[in-house]
Structure formats: C-alpha cells, structure tokens
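Trainee: Please see the structure below; I have some questions.
The values are calculated or read from the model by the stated rules, or taken from the named source; none is laboratory data. Please read these numbers as outputs of a predicted model, since none were measured by experiment. Here the Cβ positions follow ideal geometry from the backbone for every residue, glycine too, while neighbour counts run over all protein chains shown.
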Amino acid sequence: MVLFNIINIAFLVANCVVSIRNSWKGIIFYLFLSCILPEFKLASFGVSYTIVAFFPVILFYFFSKRKQIIFPRTYILLIAYFVLLAVSSIISTLINSVSINIIGLFAAFRLLVLVLLATNVSLYDEEYIVQLLFCLVLVNFIVSIIQMLIPSSVHLFYMLYWKPSMTPLKDALELGRFSRAMGTFGTPTILGALSLLTFSIFFFKLVYLKVNFKYLTGLLMSVGTGLMALSKIFVIGVPIVLFGALITYLLTKKNFVFRIKLNWKVIAIIILIPCVAMVVINLLNGLSMPVEWYLNYALKPFEAFSTRYSSTNGNLIPVLNFIGDHFLIGVGETVVGNIFLGDSSYIVILYSTGIIGLFLFVFIWVVIMYTGLLRGRKSYTHLFTLFVLLLIFTGANIHAAPLGILAFIYAAYPLSVLDKSLVLRISKHENDYI
C-alpha cells in the first residue's frame with residue numbers, strides 16, 4: 001500500500017503543478033484524478049483523493065493571478081441550493097436529534113465551489129474536458145478488461161478502491177471474482193454511467209462536428225466498457241440516445257451530417273458499433289457472464305425500475321413515504337432512521353432538500369437547455385450530454401460526485417457563453433483584471 005500512496009502523492013504533486021500553470025485546468029484535472037485514483041491508506045482507514053486534493057487545488061486557484069471569478073448568474077440558484085441543504089440539515093439535527101453527515105455536506109460544498117470556478121467564462125476550454133474524458137474511458141476500458149480476464153484481481157481492486165458505499169465490490173470479493181466490470185469506481189452502475197456519457201459525447205461529436213480517430217476510438221471503448229459493466233443505465237440508455245439522435249435528424253435535416261456527408265467514415269461508425277457490441281457480448285458469454293439477462297432490459301426497460309418503484313413491493317416505498325412527510329425542505333445531510341435511499345439522484349435531492357431543492361436544480365437544467373437551443377447546432381453535443389446526465393440521475397446518485405460534476409461542467413458550456421455573468425472580485429485593486 002505504501003507504493004500506491006507514493007503514486008497518489010506523485011499525482012497530487014502533478015495536479016498542483018497543473019493548477020499553478022493553469023488554475024482552471026487544475027480543477028478539471030483534479031476531477032479526472034478523483035475518478036481513477038485509489039484511496040490514500042492511512043493506518044486502518046482510507047481517505048479519497050477527492051478530499052485530500054480539494055483544498056490545495058482551490059488554494060492554488062485563489063492564489064493564482066486570477067483577480068475575478070466570473071460565473072453565470074443562474075448559478076445563484078446553486079448557491080441557494082447549498083444554503084437550503086445546510087439549513088435543512090441544521091433543522092433536522094434539532095428536531096430529530098441526529099448528527100450531520102459531514103462527508104455529504106462536503107460533497108455538496110465541493111459541487112458548488114467547483115461548478116462556480118470551473119465555469120469561469122474567460123477560462124473555459126471544452127476540448128481539454130473532452131481529452132480527459134477520453135483518457136478516463138481509456139483507463140476504465142483497460143481496467144475492465146483486467147477485471148474480466150484475471151479473476152484474482154478482485155482482491156487488488158478491493159484493497160485499492162473499497163469504501164462502505166461500494167457494496168458490489170464487496171460482493172465480488174466474497175464471490176472470488178468479478179461478475180461484471182466495475183472499473184475504477186467500485187460499482188458497475190457508475191462505470192455504466194461513464195460509458196453512456198462518453199458514448200453520447202463522442203457519438204454526437206462524430207455526427208455533428210467531425211470524424212476523427214480519437215472520437216471514434218472513444219466511442220468504441222465506451223461501447224466495450226458499458227457492455228463489460230452490464231449496467232442497466234448503459235443498456236437502456238444507448239437505445240434512448242440513438243432514438244434521440246433519430247428525432248434530432250428528423251427535426252434538423254439540413255444540419256445533420258448524415259444528410260450532407262454520408263461517406264465511408266460515417267458508414268464505418270454505423271457498422272463498427274454493432275460489431276464491437278457482438279464481439280464483447282460473445283467474449284462475456286464465454287466468461288459465463290449473465291449477458292442476456294441484462295440485455296433483456298433493453299427490450300423491457302420499465303421492468304428495470306419495478307424492484308425500486310413498484311407500489312406494492314418496491315424497496316423505495318419507505319423513503320418515498322418519508323419524503324412525503326418532509327416534502328418541503330427535506331432533512332438535509334442527516335440520516336433519520338434506517339431508510340434505504342437507493343441510487344437515484346432525484347430521490348437523494350428530494351430526501352435532502354425536498355421539493356424546493358429539486359425545483360432549484362431542475363430550473364438550472366431548464367436554463368442550460370434554453371441557452372443551448374439559442375446557440376443552435378454548436379451546442380447539440382452539450383444538450384445531449386445534459387439530457388443523458390438527467391437520464392443517468394434516475395439510476396445513479398452522481399450529481400455531487402466527481403464524474404457528475406465533470407459532466408455537468410461540460411454540459412453547461414452554453415450557459416457560460418450566453419448567460420449574463422456575475423463578477424466576484426477577489427482583489428482590492430479596481431484595475432486588476434483576468
């Protein structure tokens with residue numbers, strides 16, 4: 001474990017160097033590393049990279065030459081959301097005699113700070129995010145192959161990545177092998193979310209912008225990683241994304257690449273996707289993976305939610321009833337009773353901040369969609385990324401996780417460009433500028 005701690009420290013130093021050279025890229029690089037690095041192991045407990053590196057990266061941002069923070073005015077709603085979360089947490093501790101989940105409150109604070117800083121209008125670099133997303137799916141594609149081909153690797157990945165929230169990784173250890181790939185996330189759910197996000201981004205970049213080797217490779221790796229994860233999110237999400245692409249084609253024929261540039265590269269994309277899918281499925285079948293059982297969700301998508309949301313035997317009925325009793329502002333980052341929250345970001349937001357908090361979040365998404373539509377074809381990739389992110393939120397609680405924040409920053413680019421901005425001056429000198 002000493003070796004992995006040294007590796008983590010080396011990446012932390014690299015992150016600080018990037019932050020010194022470019023504070024904005026330092027934040028994006030921090031989110032990328034938070035998705036792939038194992039925990040720092042200190043004696044008998046572990047600390048995640050996202051906690052250890054957060055404050056150094058933020059300090060470098062404020063001690064850089066940046067004298068102003070410029071962010072879209074819509075993000076006042078995000079500030080209001082965090083204030084609501086903090087207030088509801090305090091109220092819940094007083095009423096229910098429970099303690100505040102500091103880690104959960106920190107995650108919300110991290111979401112607020114990183115989004116405000118990373119959407120700085122004058123610093124935004126879209127291609128840098130895409131480049132790191134490509135690296136992220138590449139790393140997880142390689143890791144997933146290792147997990148599928150080397151059963152004994154489960155012990156190594158458990159030692160590196162296990163946290164109390166990673167039940168699937170613990171189940172894999174007890175089984176003695178991976179039944180599904182989990183990548184660097186310790187759960188196939190988030191690995192499937194990553195695969196669907198990158199699939200959507202690279203697919204629409206190939207269709208609407210240009211065909212190049214990196215985008216095509218990223219697309220194919222996303223398909224392979226998603227199928228190795230056998231995640232319901234990916235299996236159900238890909239047909240929805242392709243259906244959305246078809247609808248967009250019907251609505252915007254003049255701008256669609258298939259309409260005006262149907263060349264051998266586009267035909268290759270159409271052929272390669274099912275070919276890669278068939279190869280991966282056959283390989284997984286050879287490894288005795290339950291491929292058909294999960295792919296069945298693509299044909300019966302609503303059955304995927306029956307175990308959670310059924311009115312008769314759904315395991316989310318207790319939390320839904322609890323939310324009904326605290327529907328206005330929720331109970332914040334506190335745990336009241338032994339209630340299973342599930343994996344949906346929407347359920348978690350309702351539990352924590354009630355209908356008011358969910359409204360604040362949804363309104364931000366609506367504004368992003370509106371500004372994206374104003375930019376037209378230039379924002380199609382961002383709009384579909386936001387759409388996919390909202391879809392993922394139904395089955396994965398990642399709205400405050402590093403992957404969710406990274407995807408949100410990318411999807412919100414149209415808002416950074418068009419929304420009238422607020423300026424927070426961090427220098428006393430009026431003539432200082434960015």
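Trainee: Just checking, how many residues over region 8-22 are within 20 Å of ILE409 (Cα to Cα) and surrounded by fewer than 21 Cβ atoms within 10 Å (Cβ to Cβ)?
Mentor: 2
Trainee: So for region 245-256 (the condition being part of a helix (DSSP H, G or I) and at pLDDT 85 or above), does at least one residue qualify?
Mentor: Taking every residue of region 245-256 in turn, none turns out to be part of a helix (DSSP H, G or I) and at pLDDT 85 or above.
Trainee: Hey, another quick one. With respect to the numbered conditions (1) closer than 28 Å to PRO239 by Cβ; (2) of a type outside the set (Ser, Thr, Tyr); (3) modelled with pLDDT of 90 or more, which one is the sole condition not fulfilled by LEU328?
Mentor: (1)
Trainee: Quick one: what pairs do we get from region 329-354, first residue on the phi > 0 side of the Ramachandran plot, second in a loop (DSSP other than H, G, I, E, B), C-beta under 6 Å, 6+ apart or different chains?
Mentor: Listed pairs, sorted by first residue: GLY342/LEU316; GLY354/PHE327; GLY354/LEU328; GLY354/ILE329; GLY354/GLY330.
Trainee: Which members of region 173-186 meet the condition of being on the phi < 0 side of the Ramachandran plot and crowded, with 24+ Cβ neighbours inside 10 Å?
Mentor: Scanning region 173-186 gives PHE178, ARG180, ALA181, MET182, PHE185.
Trainee: Restricting the search to region 23-42, which residues are more than 22 Å from PHE185 (Cα to Cα) and either surrounded by fewer than 18 Cβ atoms within 10 Å (Cβ to Cβ) or charged (D, E, K, R) (or both)?
Mentor: LYS25
Trainee: Something else about it: Is it true that PHE71 is of a type outside the set (Ser, Thr, Tyr) and in a strand (DSSP E or B)?
Mentor: Yes: the conditions hold for PHE71.
Trainee: Could you figure out which of (1) under 27 Å from LYS205 (Cβ atoms); (2) surrounded by fewer than 20 Cβ atoms within 10 Å (Cβ to Cβ); (3) at pLDDT 90 or above isn't true of LEU389?
Mentor: (2)
Trainee: Another one. Show the residue pairs meeting these rules: Cβ distance below 9 Å; 6+ apart or different chains; first residue within region 45-70 and outside the structural domain of TYR158 (by the TED database) and closer than 29 Å to LEU160 by Cβ; second residue among the charged types (D, E, K, R) and at pLDDT 90 or above.
Mentor: THR50/ARG110; ILE51/ARG110; PHE54/ARG110
Trainee: Can you name every one of the helices (runs of 4 or more DSSP H) wholly within region 101-210 that holds 1 or more residues which are more than 15 Å from the chain's Cα centre (by Cα) and under 24 Å from ILE51 (Cα atoms)?
Mentor: Where helices (runs of 4 or more DSSP H) fall fully within region 101-210 and carry at least 1 residues being more than 15 Å from the chain's Cα centre (by Cα) and under 24 Å from ILE51 (Cα atoms), they are 102-118, 126-149, 153-161, 167-175.
Trainee: Which one of SER200, SER153 is hydroxyl-bearing (Ser, Thr, Tyr) and either crowded, with 20+ Cβ neighbours inside 10 Å or touching a Gly at 6+ places or on another chain (Cβ under 6 Å) (or both)?
Mentor: So the residue among SER200, SER153 that is hydroxyl-bearing (Ser, Thr, Tyr) and either crowded, with 20+ Cβ neighbours inside 10 Å or touching a Gly at 6+ places or on another chain (Cβ under 6 Å) (or both) is SER200.
Trainee: Might you check whether a residue that is closer than 27 Å to TYR215 by Cα, modelled with pLDDT under 90, touching a Phe, Trp or Tyr at 6+ places or on another chain (Cβ under 8 Å) and among the acidic types (Asp, Glu) occurs anywhere in region 117-125?
Mentor: Within region 117-125, one or more residues are closer than 27 Å to TYR215 by Cα, modelled with pLDDT under 90, touching a Phe, Trp or Tyr at 6+ places or on another chain (Cβ under 8 Å) and among the acidic types (Asp, Glu).
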